[in-house]
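Single-structure report; data block below.
The values are calculated or read from the model by the stated rules, or taken from the named source; none is laboratory data. Quick caveat, the model's predicted, so the values are computed rather than measured. Because the Cβ atoms are built from the backbone with ideal geometry, glycine has one as well, and the counts that use them run over all protein chains shown. We work out accessible area using only protein heavy atoms, side chains counted, and drop any ligands, DNA or RNA first. Shrake-Rupley method; radii C 1.70, N 1.55, O 1.52, S 1.80 Å.
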Amino acid sequence: MKQKTKSKDSYEPIVFKNSVDKDPKCNKNTVISLLSIFLLTSVLLYLYISDNKNIQDNSNISSKYLEQETNIDTSHNHVADSYCSTTSDEYKFDCFPRGKADKQSCEKRNCCWSPSTENSQIPWCYYSSNYSNYKVINVTTSRDEIIAFFNITGNTIYKNDIKVLCMEISLQTAQRLRVKIYDPENKRYEPPYPEVPVLKFNNINEPLISDYIVKLSNNKVGFAILRKSDNLTIFDSRNIGGFIYSDQFIQLSALLPTKYIYGLGEHRSNLLLDMNWKTYTFFNHDSPPTNDMNGYGSHPFYLLIEKSGKSHGVFLFNSNAMDIVLQPTPAITYRTIGGILDFYYFMGPTPSDVISQYTDTIGKPFLPSYWTLGFHLCRFGQTLKDLINVHNRTVSAGIPWDTHWNDIDYMKNRNDFTLSDNFTDLPKYVNYLHEIGMHHVIILDPGVSSREPKGSYPPYDDGLKNGLFIKNSSGLPLEGQVWNLDGGTVFPDFTNPKSIDYWINQVSNYHNIIPFDGLWIDMNEPSNFVNGDWEGCMFTNSSNWENPQYTPSVAGGKLNYKTICMSANQHAGLHYDVHNLYGFSEAITTQFALSVIKNSRPLVISRSSFAGLGHFAGHWTGDVFSTWDDMKQSITDIVLFNMFGIPLVGADICGFNYNTTVELCSRWSQLGAFYPFSRNHNSNENFDQDPVALGPLVIESAKKALLIRYSLLPYLYSLFWRAHIYGETVARPLFFEYPYDNSTYNIDTQFLWGSALLISPVLKENQVEVDIYLPNDIWYDYYSKKCTLSNGSIFTVDAPKDTIPLKIRGGYILPVQDPATTTTFSRKNSFGLLIAPNKFKEAFGFLFWDDGDSLNVWENGLYNEIHFKLNNTTLLNEVITNNYSDEKIILQNITIFGILNQPKNVQVNGATYNNCYYNTTEEVLYFSSLNLDLNIVFNITWT
């Protein structure tokens, strides 16, 4: 492939100088300054540029001159046949992504035309390798930054091409690089959040050590990033595809090193993404998860495994609607219709490192309250009597359960912050839940009813008075329709700073009526039952926003389909720009409001999401269907959202749409017990599917799996602490732990809690055994304690109708607790340790413990951190932090797997200990009645 050889059009690797960082930025003043000093810096450029013959002297260039220079008909840029004929099929990048192309229209775009009869997915109209419409005019370097300016040389078919571009490449850490390309003369939209921390090396004497090398294209807008250790190019945009930067169409393509790519959510997809000319569209949309459709959230981030087993990640910080295309080259193409190009590169080298570096950028996940890790029950279409009946039968069955939820049934006329006449006793029920150690969550939709009698509905009156509703392009509140029975809905603008006080007041006033414990924010893409608004978005100068020249492959074919007008105005900008941030902005405001009102950790679960949501809220995967395929898909969804920095995530157990079956709900209850966020919920159009409603098999499955979950909550909670502090995942795919085993790269039917617990659910009907892959390691069966030494093979394991297969990985210690039917009471029970030695007879584990609900426990140091270590026949604990003393943490039981011989001379803290039992068949050593305070160092040995 000739296109892979770039030496003739590449600079040498940029070397970051050890000189004082002048911090040059690409603003208008900088343009002028750089133009005036170009001649003085030309000698310096020779040190960094291998071939500067084509760099233009820009000392006298002005914006006016640039405008004159670019007023050129693109037909002068003839594409040489040689550049077209040498392009192989896999290197053809689509030059005609919308509409029906022919030879004439293709060549008008200065592209190559070659009809293909063998594969209809291969573009017939494609960019030549010499395609270019920008030329470099200046490059400067400083200690940790490269700044390049580019001048347009020819217009494209897209409107309002940007005349001058600036590219800033900034070294931020040894593993994080930022590449930002934007208009230096005119401010373009950039997302206001998440707030990315600005990182710079301030110590000029500190050596700059990085894991990457940057190369620039000789005379075009192109760059390559290489991993320094092996000289592997991980991202190469030089001479690839067609770089375009117009007002409402920005495009950049790049070659990738392998096809092992993950992420780019939220979509219905396999874990390992399809690169066969596949388009993924990013535009938040309310629709049940469906193949080839944009989903509820937008996460333009991917993780890629290289041939060496190392990993890296790439995040495009852009909230506009976009398409991302993967093709088998392997290569990627970004097409966004607004904002700027703002890339972050994370060098890993492990998958876990990549996610930690990514969450350093977008915000690390919040630490949930302990009770939120219990089991949750909900259903749409209930009366208060139904609610109480479900409560009574679930408690009677002894099913572990913590939180009862209410869908919109509790509202009067389905209006937020109201209470239906049929639910007048709901506050009493919520108080009763609190008395027995349980919790309650209600749903809120962002849409506020706009047609209630004046003075009768404060959420509307207060918002209108303070001008807090999103406005149409005529300056009036935009009115759509969601669930409100009166037919009119307006939408609070959560990007407006005044919305914080407004939302605190509404939530606080309602909390005085119903003392709920968490908020479930739905319909916040935002969803709308009419397209745009009641007026149809037909306002002055709105056509560019409602119907741009290029519309990504969104559901419905237009941007305002089942959402609000793109021309609507918000505090942060046009809805065209901030649409994908709507649910995120609501989550931020809701999280803050709950923190103020409850003075404890808030629980917010949001349907809509964007990069950074996990710092404020959790997520559920929406209106999934009660099918075996949807249950299987949920595994991919759960691990992907952990990669997106949102570990508190789950799918509706047993499915939301359609009626489930007993067998499906039984198996889904087993799997759902191991979602980080575990909730059973379904639609008002279906029959009840809480465990007891479906009979003995579902009861037994749910009870058995949930008792295991509740026993493992100390381990799960400690994983959430690691996510909060270190940005790690809670649920993760196998390749996170075994990145050098390519057999794990495509496994989406199994997943891990942390590094230690392998969950392998039954995902097909009529199966009582399942084939699972065990990587090269020692694995212990959770139930039988049997040890399996795998060299990386598939094993068939038993899976009785009421049981989910679980394995514990050798080398790990899991803190456990005697389970109760609520987290309130299980927290009061004694602790235990499950110890699974590796082949070296070693194991390690940790426990994070606090009061489970207070704010800022990490910042205030009000917690306990305890480490456990097994070394052959000695078990020790190490108390790292011991600042939480409100309750005793008593260790009573220890289970040690893989003990091949009867232990002798067992001692605890130097004293002979006889309260232990060795099971010869299981090869397990059991300790009981230890009565050890985990906050005091202990020592257990045997021979």
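Here are some notes:
- Cβ-placed point charges (K, R +1; D, E -1), dipole of segment 598-675 about Cα centre in debye, nearest 20: 360
- Carbon/sulfur fraction of accessible area - the chain, other protein chains in place, 1.4 Å, %: 48
- Ser269 accessible area, assembled protein chains, probe 1.4 Å, Å²: 20
- Per residue, the accessible area of the chain comes to 36 Å² when a 1.4 Å probe rolls over the protein heavy atoms.
- When the helices of the chain are scored as -39500 (n - 2.57) per DSSP H run of n ≥ 4 and the total is divided over every residue, the value at 222 nm lands at -6000 deg cm²/dmol.
- Only the Cβ atoms of Lys and Arg (+1) and of Asp and Glu (-1) were treated as charged; on that basis the dipole of segment 681-816 about its Cα centre amounts to roughly 480 debye.
- With both labels modelled 7 Å from their Cα along Cα-to-Cβ, the Glu887 to Asn742 distance reads 4.9 nm.
- Taking a straight Cα-Cα cut-off under 17 Å and skipping sequence neighbours fewer than 8 places away in the same chain, no lysines fall within cross-link reach of Lys598.
- Size of electric dipole in the chain: Cβ of Lys, Arg +1 and of Asp, Glu -1, about Cα centre, debye, nearest 20: 1800
- Amide H contacts under 5 Å for Val624, placed H, 5+ residues apart: Asp652, Phe656, Asn657
- Amide proton proximity set for Asp802, modelled H, under 5 Å, gap of 5+: none
- Note on segment 267-343 and segment 426-441: Cα centroid distance 42 Å, given to the nearest whole angstrom.
- Ranking of Glu737, Glu145 by solvent-accessible surface, largest first: Glu737, Glu145 (1.4 Å probe, protein heavy atoms only, all chains present).
- Alpha-carbon centroid distance for the pair segment 880-943 / segment 385-417, whole angstrom: 42
- Segment 99-122 and segment 633-648 have their alpha-carbon centroids 39 Å apart.
- Backbone HN-Hα couplings from phi across segment 315-329 [Karplus 6.51/-1.76/1.60, Hz, Gly and Pro as x]: 10, 9, 7, 8, 9, 7, 4, 7, 10, 10, 10, 10, 9, x, 3
- Checking the Cα-Cα distances for Lys215/Lys310; Lys786/Lys904; Lys103/Lys278; Lys632/Lys869; Lys785/Lys841; Lys385/Lys454 against a 26 Å cut-off, the pairs over it are Lys632/Lys869; Lys385/Lys454.
- Using the Karplus relation 6.51 cos²θ - 1.76 cosθ + 1.60 with θ = phi - 60°, the per-residue 3J(HN,Hα) values for segment 466-479 come to 9, x, 9, 9, 4, 10, 6, 6, 9, x, 9, x, 5, 10 Hz, with x marking Gly and Pro.
- Nonlocal amide H pairs with Leu232, under 5 Å, H built at 1.01 Å: Arg227
- From phi via Karplus (6.51, -1.76, 1.60), per-residue ³J(HN,Hα) for segment 840-852 in Hz, x at Gly/Pro: 9, 6, 10, 7, 9, x, 8, 9, 10, 9, 8, 7, x
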